[in-house]
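**Q** Right, I'll just put the structure down here and ask away after.
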Amino acid sequence: MIAHHTRARFENFSAVTSGIPEMRKVIARSKEQRKIDGRKTILFVDEIHRFNKAQQDALLPHVEDGTVIRIGATTENPYFEVNTPLLSRARIFRFEPLSDENVRLIIERALNDKERGYGNEKITLDDDALAHIIYIAEGDARNALNALESAVASADLDSETGTKKVTLKIAEEAVQKRVLKYDRNGDNHYDTVSAYIKSMRGSDPDAAVYWLARMLAAGEDPKFVARRLVIAAAEDIGNADPMALVVANAAAQAVMFVGMPEAQIPLAQATVYLACAPKSNASYMAISRASSDVMERKGPPVPVHLRDSHYPGAKVLGHGKGYKYPHDFPGHYVEQEYLPPGAQSGPYYEPTEHGHEAKFKQRLERLRKTGSDE
């Protein structure tokens, strides 16, 4: 349509079946045609995510000099699959799933179209069968048409009326399992994992288990889920409930020991535990702040009193001199400096009032205020 309205030449190129040699031929034809009549060429690259880096780099200069106007189509997230230089010279249009009403209209057209559909046949589609096909399509017209085709092929022909009747039972048998939209290397993968983690962080066990079930049903590696549990236990719960990390790590070990499908049970148990546990990101914030200081501030040497004094000659160098051994003092605590001067921009660990961390906060405040743990 764009080529027709702009009076441009049109070249169709498949990234699945074609490579750099074919691309060079297309570019050569485009340059020659432009010399002849000045017309630009629109190059439509189907499944552009299948282009490797070399192919994308080969296309870039011809996009820059205007030899071709590139239009790419992909079912993947272009921000993951397309090189940054090509992306910077493109406008991204995201196509959303069709509405149920859109899918219904497409199915009805397929039933009535005499050239490409079933318009020349006597097909009846029950309302509940139609609703089922719309449901399993999940906004994808291709899924809907494939399901319709399978259902029609499965329906028996009534010899007296010459009619094929598609019932709900036939539609369900024709499409026995819904194909979940989940690509382990694409953005749907990351979106689902994000929803899973945010549900646990938001203390919603029902939502967290739902997203867990979606990932496992789509074939996600249970070890990946286990790793996310361990990270979430430390990042979002931390010392508000130290057992969260123990439970998550135990689930990860159970996954390795048991395997699927039974591994989904300890994964579910850990997911529910983490979702229900009190939350604190204080430990995560502590390491983030400390890491920033390490990278941005000067790194002075370890203070002499904290240096190792166990090897021969260490005491001669003064290592360990002035160190106060906490166990020699009442309450096993004594005030002394553990950071080098100028290394810290501010407090790193700021415990919350949640769960076990509230006890940590009380103890630290008591030590800093009275200099004693009693």
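The values are calculated or read from the model by the stated rules, or taken from the named source; none is laboratory data. None of these values were measured; they are calculated from a predicted model. Positions of Cβ are backbone-derived with ideal geometry, glycine not excepted, and every protein chain shown enters the neighbour counts.
**Q** Kindly check whether there is at least one residue in the range 136-158 that is part of a strand (DSSP E or B) and out of contact with any helix residue (DSSP H, G or I) (no Cβ under 8 Å at 6 or more places or on another chain).
**A** Yes, the conditions are met somewhere in the range 136-158.
**Q** Scan the range 16-33 for residues that are more than 16 Å from P61 (Cα to Cα) and either among the β-branched types (V, I, T) or over 41 Å from the mean Cα position of the chain (by Cα) (or both) and report the count.
**A** 4
**Q** Six or more apart or on different chains, Cβ atoms under 6 Å: show the pairs whose first residue is in the range 124-136 and touching a residue at least 24 places away in the same chain (Cβ under 8 Å) and whose second is in a loop (DSSP other than H, G, I, E, B) and among the polar types (S, T, N, Q).
**A** That search, which allows pairs on different chains as well, returns D126/T167; A129/T167.
**Q** Take I197 and tell me if it is surrounded by fewer than 18 Cβ atoms within 10 Å (Cβ to Cβ), at pLDDT 95 or above and within 22 Å of H354 (Cα to Cα).
**A** Numbers: surrounded by fewer than 18 Cβ atoms within 10 Å (Cβ to Cβ): no; at pLDDT 95 or above: yes; within 22 Å of H354 (Cα to Cα): yes.
Spelling it out, it is not the case that I197 is surrounded by fewer than 18 Cβ atoms within 10 Å (Cβ to Cβ), at pLDDT 95 or above and within 22 Å of H354 (Cα to Cα).
**Q** Look at the range 85-118 and say how many of its residues are assigned to a helix (DSSP H, G or I) and of a type in the set (K, R).
**A** Step one: of the range 85-118, the residues assigned to a helix (DSSP H, G or I) are 85-87, 100-112.
Cutting the leftovers down to of a type in the set (K, R) gives us 104, 109.
Counting residues in the range 85-118 that are assigned to a helix (DSSP H, G or I) and of a type in the set (K, R) gives 2.
**Q** For the range 333-374, enumerate the residues that are touching a Phe, Trp or Tyr at 6+ places or on another chain (Cβ under 9 Å) and aromatic (F, W, Y).
**A** Hits for the range 333-374 are Y349, F360.
**Q** I would also like to ask the following. Please count how many residues of the range 323-374 are among the small types (G, A, S) and loosely packed, with under 11 Cβ neighbours inside 10 Å. Don't jump to the end; show me each part of the working.
**A** Initial filter on the range 323-374 (among the small types (G, A, S)): 331, 342-343, 345-346, 355, 358, 371-372.
When the remaining residues are screened for being loosely packed, with under 11 Cβ neighbours inside 10 Å, the result is 346.
Total satisfying the criteria: 1.
**Q** Being surrounded by fewer than 17 Cβ atoms within 10 Å (Cβ to Cβ) and either not assigned by TED's automatic domain parsing to the domain that holds A195 or not in a helix (DSSP H, G or I) (or both) is the requirement here; does M295 meet it?
**A** yes
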